[in-house]
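Every number in this text was worked out from the coordinates using simple rules, so none of it is lab data. Model, not experiment: these values are computed from the prediction. Using ideal geometry, Cβ is built from the backbone for each residue, glycine included, and neighbour counts are taken over all protein chains shown.
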Amino acid sequence: PDIVIPTVPFGKFVLQTIEAYGNKLAWVDIGNGGEEYSFSLIYEETCKCASALYKEGIRRGNVVGILCPNSCQQKILVLALALCGATIVPINYYYTE
């Protein structure tokens, strides 16, 4: 089968896709009291986070390590970094070798 490769940057592609789902439920953060995230909330929080990162100088070509537990906030950070064009390096503190 043919594979369609988007012609826009990954972060922008994801946000365009998220935007289409509006207020539908996307995630439930069971580690944070069952907090619910709609696609609209993910879109808004990702844009706010990306704006703050951009103001701090995060751009395409930067490499950013992330050491934090898996959570909805972590996913928003990853999307925001992608939107800025940064390379994301997840750091797993359980890995000891």
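In sequence order, the stretch 42-55 has phi-based couplings of 4, 4, 5, 5, 5, 5, 5, 5, 4, 4, 5, 5, 4, 5 Hz under the Karplus curve 6.51 cos²θ - 1.76 cosθ + 1.60, θ = phi - 60°, and Gly or Pro positions carry x.
Using the Cβ of LEU41 as centre and a radius below 13 Å, the other residues enclosed give a net charge of -3, where K and R count +1 and D and E count -1.
Residue by residue, the stretch 57-70 carries 3J(HN,Hα) couplings of x, 6, 9, 4, x, 6, 10, 10, x, 10, 10, 7, x, 5 Hz when phi is fed to the Karplus relation 6.51 cos²θ - 1.76 cosθ + 1.60 (θ = phi - 60°); x denotes Gly or Pro.
Proximity of backbone amide H atoms, modeled 1.01 Å from N, is registered between TRP27 and TYR37 at under 5 Å, excluding neighbours fewer than 5 places apart on the same chain.
In this Cβ point-charge picture (+1 for Lys and Arg, -1 for Asp and Glu), the stretch 10-90 has a dipole of about 380 debye about its Cα centre.
Ellipticity at 222 nm from helices only: DSSP H runs of n ≥ 4 in the chain, each -39500 (n - 2.57), divided by the residue count, give -13000 deg cm²/dmol. Maximal additional length on extending the CYS47-CYS68 stretch stands at 5.6 nm, based on 0.36 nm per residue less the C-alpha distance. With viscosity 0.890 mPa s and temperature 25 °C, the Kirkwood radius over alpha carbon pairs of the chain converts through Stokes-Einstein to a diffusion coefficient of 168 µm²/s.
Note on the stretch 60-97 and the stretch 3-33: Cα centroid distance 16 Å, given to the nearest whole angstrom.
Got a sec? Which residues in the stretch 28-54 would a label at TYR21 touch, if it sits 7 Å along Cα→Cβ and we count backbone N under 17 Å? Answer for the stretch 28-54: 28-30, 35-47.
Give me the percent relative contact order of the stretch 10-90, please, defined on Cα pairs under 8 angstrom at least 6 residues apart. That works out to 33 percent. When each of the peptides 89-97, 42-50 is scored by how many other beta carbons lie within 10 Å of its residues on average, the order from highest to lowest is 42-50, 89-97.
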